[in-house]
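The structure appears right after this line, and notes come after that.
Rule-based calculations on the coordinates, nothing more; no lab input. Worth saying up front: this structure is predicted, and the values here are computed from it rather than measured. Because the Cβ atoms are built from the backbone with ideal geometry, glycine has one as well, and the counts that use them run over all protein chains shown.
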């Protein structure tokens, strides 16, 4: 079920809501709820994550993330999604403020004590 608010939300607003226990994705500034998908889906995602991680990590091909990471897809359109599995290629990870902001945002959601330097 999707819920909406009168005010357009930003990724920072979603991070603040997350700290208050609100879960969901941000789709073009609107808060969308998430729901459990069941054991079979969870098992499939877990198995794929293990297989992909075993291939990606040793070769340093990039970064693999799972749901609840909060992947900032489009800052201008205020879109933050929680993909079941997300892959960020090492060679396509630019060193720019937008990417670094996305990493800091994801890290803050995963690791509450995280502080950017």
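So, in nm, how far is label residue 41 from label residue 84 when the simple model puts each one 7 Å beyond its Cα toward the Cβ?
Label-label distance for residue 41 and residue 84, simple model: 0.8 nm.
May I ask you to sort 8, 63, 35 by Cβ crowding, counting other Cβ atoms within 10 Å and putting the fewest first?
In order of increasing Cβ crowding within 10 Å: 35, 8, 63.
Would you mind getting me the FRET efficiency between residue 73 and residue 8? Use the beta-carbon distance for r and R0 = 22 Å, nearest 0.05.
FRET efficiency, residue 73 to residue 8: 0.85.
With a 10 Å Cβ neighbour count serving as the proxy for reagent exposure, in which order, fewest first, do 78, 41 appear?
Ordered by Cβ neighbours within 10 Å, fewest first: 41, 78.
Taking the Cα-to-Cβ direction at residue 61 and at residue 34 and moving 7 Å from each Cα, how far apart do the two end points lie in nm?
2.4 nm
Arrange 67, 36, 19 by Cβ neighbour counts within 10 Å, fewest through most, would you?
Lowest count first: 36, 19, 67.
If R₀ is 22 angstrom, what is the calculated FRET efficiency for the pair residue 48 and residue 91, using the beta carbon separation as r and rounding to 0.05?
According to the calculation, E is roughly 0.50.
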